[in-house]
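To keep things clear, I will list the structure first and then write my remarks on it.
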């Protein structure tokens, strides 16, 4: 069964579009560039208040993964306050988004997707869970602070066990596995679906551990 685990040593550093910081790139679609892509997963440290880069045409999902919190104000009208690790905000990349730190620097995990090509599903799990999800097209799991026990189910119900260490990213496609089961805590689950395949999406079933 084919899948990819990206380790911290394989992450790539890239400058922000506004030149005020650095992005840690974890994954990007084949053939993409920093300024032209269908989807990208990355992390960044926000060390001061300020305006985010313009990503017109893209949808942004930003997850707080370290620090005391951040408030994002969009077009001076609406705002999202993230004050717990693994809380996330979803917003239009073309908005004028201004960040205000609550108490010192934070680190965030970003899922940025082309709104015309990709349907994006993001789930975060700060507490212990056992979940089962259908892999509709492309699935990512990022382990934040804990080791995850993962079972992939492929064609013919063949199963493979995967151990995902903290700060590692798992990537698996529906060509290689039809279902993913995850046991653990402190992780992010991302499903990316081409818009013409959206009808295949069947959702995520989760059962909180007692």
Test result for residue 1, modelled with pLDDT under 90 and closer than 30 Å to residue 151 by Cα: yes
Taking the residues in the range 127-173 that are in a loop (DSSP other than H, G, I, E, B) and more than 18 Å from the chain's Cα centre (by Cα) as candidates, determine which candidate is surrounded by the most Cβ atoms within 10 Å (Cβ to Cβ). 154
Within the range 76-89, take every residue that is at pLDDT 95 or above and closer than 20 Å to residue 56 by Cα and give me the one that is surrounded by the fewest Cβ atoms within 10 Å (Cβ to Cβ). 80
So, residue 111, is that one closer than 26 Å to residue 147 by Cα, touching a strand residue (DSSP E or B) at 6+ places or on another chain (Cβ under 6 Å) and exposed (fewer than 15 other Cβ atoms within 10 Å of the Cβ) or not? no
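The values are calculated or read from the model by the stated rules, or taken from the named source; none is laboratory data. Remember, predicted model here, so these are calculated numbers, not experimental data. Every residue, glycine among them, receives a Cβ derived from its backbone with ideal geometry; neighbour counts consider all protein chains shown.
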